[in-house]
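What follows is one structure encoded as structure tokens, with my remarks underneath.
Computed from the coordinates by the stated procedures, all read-outs in this text should not be read as laboratory data. Quick caveat, the model's predicted, so the values are computed rather than measured. Quick reminder, even Gly has a Cβ in these numbers, built from the backbone with ideal geometry, and neighbours come from all protein chains shown.
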Amino acid sequence: MDCIFCKIVAGEFGTEFVAENQHAVAFRDINPLAKVHILVVPRNHSSNIAELEDVEELSELFSLIRSVAADFTDGQFRLQFNSGEKEGQTVFHTHAHVLSGRAV
Ligand code: 5GP
Ligand code: ZN
């Protein structure tokens with residue numbers, strides 16, 4: 001499958017992970033829309049959050065989101081899952097946007 005986030009998870013582009021756990025990784029968005037703009041991505045492929053059913057993977061994903069929010073924001077942030085092309089999703093591998101701070 002030709003999935004850019006699967007390749008990032010596999011380390012193919014040398015993307016720096018700012019945090020990771022058993023089931024998810026976090027890295028900075030290449031086109032930041034806020035002072036802090038970090039993507040939190042499950043290691044296993046699913047196309048969006050509605051398709052991610054595994055409870056352990058969901059739990060680890062949210063655990064990493066909480067840890068990124070604690071470590072990279074002042075505790076105030078927005079969490080966004082674009083799901084589906086009509087709703088702005090452009091990369092069809094589940095990912096959470098953690099956004100904080102003024103728009104850049
Ligand atoms: P979506 O619009 O699907 O919710 O968000 C996809 C996000 O992935 C966009 O904000 C885009 O800037 C980011 N992105 C796309 N390709 C890459 C990449 O190769 N590296 C990184 N770090 N971010 C990417
Ligand atoms: Zn993928």
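I'd like the residue in segment 32-48 that is more than 9 Å from ligand 2 (Cβ to nearest atom) and under 12 Å from His97 (Cα atoms) and, out of all such residues, is surrounded by the fewest Cβ atoms within 10 Å (Cβ to Cβ). Only one residue tops the list, namely Leu33. Taken over segment 1-25, residues that are near ligand 2 (Cβ under 8 Å from one of its atoms) and touching a residue at least 40 places away in the same chain (Cβ under 8 Å) amount to 5. From the list Gly101, Gly88, Gly11, Gly75, the lone residue that is near ligand 1 (Cβ under 10 Å from one of its atoms), on the phi > 0 side of the Ramachandran plot and surrounded by fewer than 18 Cβ atoms within 10 Å (Cβ to Cβ) is Gly88.
Given the structure, is Val98 outside any loop (DSSP other than H, G, I, E, B) and within 23 Å of Met1 (Cα to Cα)? Here the answer is no, as Val98 does not meet what is asked.
Residues of segment 61-104 that are touching a strand residue (DSSP E or B) at 6+ places or on another chain (Cβ under 8 Å) and within 16 Å of ligand 2 (Cβ to nearest atom): Leu61, Phe81, Asn82, His93, Thr94, His95, Ala96. In this structure, does Ile65 turn out to be within 17 Å of Val18 (Cβ to Cβ), in contact with an Asp or Glu (Cβ under 8 Å, 6 or more places away or on another chain), among the hydrophobic types (A, V, I, L, M, F, W, C) and surrounded by 12 or more Cβ atoms within 10 Å (Cβ to Cβ)? Taking the combined requirement at face value, the residue does not satisfy it.
Taking the criterion of being away from ligand 2 (no atom under 15 Å from the Cβ) and surrounded by fewer than 14 Cβ atoms within 10 Å (Cβ to Cβ), the residues of segment 51-60 that qualify are Glu53, Val55, Glu56, Ser59.
If only residues of segment 63-93 that are in contact (Cβ under 8 Å) with a residue 60 or more places away in the chain and in contact with a Ser or Thr (Cβ under 8 Å, 6 or more places away or on another chain) are counted, the one that is nearest to Val9 (Cα to Cα) is His93.
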